[in-house]
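Structure first, then comments.
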Amino acid sequence: MPPVTRGRLLFRRRRRVARRRHGISRRFRPWRRERHRGRGRWGTGRRRAGGLHSLAWGAVSSRAGLDRLLQARWASGLGRQPGMPRRSPYIYYIGAFYGAGGYPYEARTVLKHLLDAGFTVRVLPPPPKGRWWRGLEIDEGLGRMFELLRQPVRGRRPQVTLVHMTPEAFGAARRGTVRIGRTMFETDRLPPRWVRACARMHAIWVPSRFNYHTFAASGVDPRKLRVLPVGVDTRLYHPGAAPLPLPGARGFRFLSVFSWIRRKGWPLLVEAYVREFHPAEDVTLVLKTSPGAATVIREFLRSLRLPWERTARIVVDERPLSAAEMAGLYTACHAFVLPSRGEGWGLPLLEAMASGLPVIATRWSAPTEFLHDGNAYLIEVERLEPAPRDVEQGHLYGGLRWAKPSIAHLRALMRHVFTHREEARAKGERARREAVARWDTRVTGPAFAHELAQWVRRQSRR
């Protein structure tokens, strides 16, 4: 073995000192190799696909070590811009990070991009015990990192509170900070108490122009509104995902993914399907929804005088599925359909697009931000009608208007997709291309960090 030179000893000593100073464990060596090969963004300002969360999670063992990493990221990126503070801004991020569904998915996605930009973030509320992230779209390292992210930063006060929930939670924003709310709604205007809650915030981030207009029409100051879509992970949802086995399904498969509430239009979908397709046809409607739905559908069909046994095949999938299994559910089917009465965004529609499926959806509300006649089949709306007060969350929706999709047009579109499969497949391929080019989270996500940075710049000028 060659002798250990004095220079080599000095190098090892400096490396040990740096690890202790930054709270970085020996497992962080892959990041060091990335940096020395020039592929990382540390010290160079260059962006690497995947960002901080793909390189550093699991490499720090303390809140102080994490904050030093974030400071380095800030200093090499946004911190170089004119008017920006040199110190990484301290942000309170209040959100529903820990479950499935639209709000949690959005909150985790936005959090990744804020960390990637170098913001010093504290997440609230704290995470539940155990490996709550299993089955979600985040990796083990980021899931464990929440134990550090929940801890306060000593000696510092937050500059901004971002509340990523419905406006009932906006009161949790800390006084003395810039207060930003991220929310959405599905009808033609907002409940009055939501308008009052929005008035107490400095900014309201909404995902679509539909909500920009409905919030403004309800009385929210338009100067506070900013349209910031989150998008979809097209690396997770893609046409090459291994199809998920679907016991009982056969032939051409229409898929619908939704929570079991009437706003999603499931009665319209089930009625249109069983009236359009005959039991002998080689077709299946796959409903991925909440447990207990199959019993309700049977009762609904009996009310239509159409017994379950005498209708075209319906498969109700009530299994809890991981994000990877959900990706396989899309590729196991041939088309996606959701005659919703209103959407605040419509994440399953984007997931279906990213998976290359032709989409049938209502021509109203937020999905028209990314769906059009060139990449989807849009159901005509007969009119807007008041939501009944006895629907789920009727205390919010009751009396406000949502869409009434045409059952006749829905039937015609499902039949058209069933019989014109090559055309439908081509439309699904175009939808996939648009999802990758315009709606991937790597395209849409950085806008959140830049918008937040503008508020930090304003604060630093005071």
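If R₀ is 30 angstrom, what is the calculated FRET efficiency for the pair Arg401 and Arg150, using the beta carbon separation as r and rounding to 0.05?
About 0.15, to the nearest 0.05.
Which trypsin sites (Lys or Arg not before Pro) from the range 177-206 combine a DSSP loop assignment with at most 15 other Cβ atoms within 10 Å?
Arg200
What is the gain in length, in nm to one decimal, between Arg442 and Arg131 on full extension, counting 0.36 nm per residue of separation less the C-alpha to C-alpha distance?
On the way: separation 311, 0.36 × 311 = 111.96 nm, distance 2.58 nm.
That pair, Arg442 and Arg131, stretches by 109.4 nm at full extension.
Per 0.36 nm of contour for each residue apart, how much would the distance between Ala323 and Ala408 grow if the chain were fully extended, relative to their Cα-Cα spacing?
27.2 nm
Report the relative contact order of the range 252-440, percent, no decimals, based on alpha-carbon pairs under 8 angstrom and at least 6 residues apart.
Averaging sequence separation for qualifying contacts and normalising by length gives 23 percent for the range 252-440.
Taking Lys288 as the anchor, which lysines have their alpha carbon closer than 17 Å to its alpha carbon, excluding any fewer than eight residues away along the same chain?
Qualifying lysines at Cα under 17 Å: Lys264.
Run the numbers for Asp390 and Ile261: contour at 0.36 nm per residue of separation, minus the present Cα-Cα distance, in nm.
45.3 nm
Between Glu451 and Arg421, what FRET efficiency comes out of the Förster formula 1/(1 + (r/R0)^6) with R0 = 35 Å and r the beta carbon distance, rounded to 0.05?
According to the calculation, E is roughly 0.25.
Rounded to the nearest 5, what % of DSSP beta bridges with both residues in the chain are antiparallel?
Numbers: 6 of 46 bridges.
Given both bridge residues lie in the chain, the antiparallel proportion sits at roughly 15 percent.
Based on a Kirkwood Rh over C-alpha pairs, give the Stokes-Einstein translational diffusion coefficient of the range 252-440 at 20 °C and viscosity 1.002 mPa s in µm²/s.
Translational D for this selection: 128 µm²/s.
Under 22 Å Cα-Cα from Lys112, which lysines qualify once same-chain neighbours fewer than 8 residues away are excluded?
By straight Cα distance, Lys112 reaches Lys129.
We did not get these values from a lab; they are worked out from the coordinates using the rules stated. Keep in mind it's a predicted model, so treat the numbers as computed, not measured. Reconstructed Cβ throughout: ideal geometry from the backbone, glycine too, with neighbour counts over all protein chains shown.
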